[in-house]
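Worksheet: one structure, shown below.
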Amino acid sequence: MLGTGTSMPSLRRGSSSCLLTTKRQKILIDIGPAVVRRLLECGHSVTDIDAVAVTHFHVDHTADLSTFLFACNYGKEVRTKPLTIIGGPGVRRFYSGLNKIYRWVAPKSYNLSIVTMKRDVLQLDGLAIETFPVNHNRESIGIRVQERRAVAFTGDTAHSKSLVKLAAGVDLLVAECSFPFRAMKGHLNLEALDRIVREARPKRVILTHLDPEWDDFKGVLHAPYLLGEDGMTVSF
């Protein structure tokens, strides 16, 4: 868990990002502000990453993509292995806009593939990456990755039937839960997340995208819930 917060400034939590590591792949799920530095703090570099998947284009989920791409070209170790960027409808236009503003992000010594997904499945070196549209922005997707086990990432979202399918039976669900109790359009709180968990029955659930309101939470989280923290590592 590289960043478990929101766009609200917090000394405890950075903005959204998770690093998923398998035997052959390292995939970033979202890439909010300062994620490139957080990668280094966790013993990884941009050249280690095989794919970057963005759940939607809000700044707290994408701000460090330009930094990441710049570092691939001009870092201490220049990137040579291919990179895949995955996103919902409009991801090519989003990348093109970055390229116009920051002309240094276009790949110099590696192949870049940009893949648009909505309700699709992508095979990536033995991994099945499946995406589902979720209820937040037009381009918003939830992401499910399966090899022997399955993990799902909701991105920012409200409840939907598609979200239940995304999370159905997974070994680990990384779920946004912006507020303990307060309701906000396009986001989940504990009550809304409970509905999904009762229907989808994931084995474990990590809460992320946590507003600073969570710092004052005095309740008790019961199984299968676990409150996400920056730097947390979960094996499954």
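Observations on the model:
- Selection from the range 179-215 of residues that are assigned to a loop (DSSP other than H, G, I, E, B), in contact with a Phe, Trp or Tyr (Cβ under 9 Å, 6 or more places away or on another chain) and touching a residue at least 60 places away in the same chain (Cβ under 8 Å): L210, D211
- Only one entry in L19, L40, L2 is crowded, with 23+ Cβ neighbours inside 10 Å and of a type in the set (A, V, I, L, M), namely L2.
- The lone criterion from (1) over 19 Å from F94 (Cα atoms); (2) within 12 Å of the chain's Cα centre (by Cα) left unmet by I29 is number (1).
- For the range 204-223, the candidate set comprises residues that are surrounded by 14 or more Cβ atoms within 10 Å (Cβ to Cβ) and out of contact with any strand residue (DSSP E or B) (no Cβ under 7 Å at 6 or more places or on another chain); within that set, the residue that is modelled with the lowest pLDDT is F217.
- Taken together, A152, A175, A183, A168 contain a single residue that is out of contact with any Lys or Arg (no Cβ under 8 Å at 6 or more places or on another chain), at pLDDT 95 or above, among the small types (G, A, S) and more than 14 Å from H56 (Cβ to Cβ), which is A175.
- Failed item, numbered, when A167 is tested on (1) within 21 Å of I27 (Cα to Cα); (2) out of contact with any helix residue (DSSP H, G or I) (no Cβ under 7 Å at 6 or more places or on another chain); (3) not charged (D, E, K, R): (2)
Yes/no matrix, rows are residues, columns are (1) farther than 21 Å from P33 by Cβ; (2) of a type in the set (A, V, I, L, M, F, W, C):
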site	(1), (2)
H58	no, no
N73	no, no
K100	no, no
V115	yes, yes
R119	yes, no
F132	yes, yes
G169	yes, no
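- Scanning the range 159-178 for residues that are part of a loop (DSSP other than H, G, I, E, B) and free of Cβ contacts under 8 Å to residues at least 60 places away in the same chain turns up H159, S160, A168, G169, V170, C177.
- Options V46, V59, V54; residue that is at pLDDT 95 or above, closer than 17 Å to L112 by Cα and out of contact with any Lys or Arg (no Cβ under 9 Å at 6 or more places or on another chain): V54
- Only listed residue being acidic (D, E) and touching a Pro at 6+ places or on another chain (Cβ under 8 Å), chosen from D60, D30, D48: D60
The values are calculated or read from the model by the stated rules, or taken from the named source; none is laboratory data. All of these numbers come straight from a predicted model, not from anything done at the bench. Note: ideal-geometry Cβ built from the backbone for every residue, glycine included; neighbour counts use all protein chains shown.
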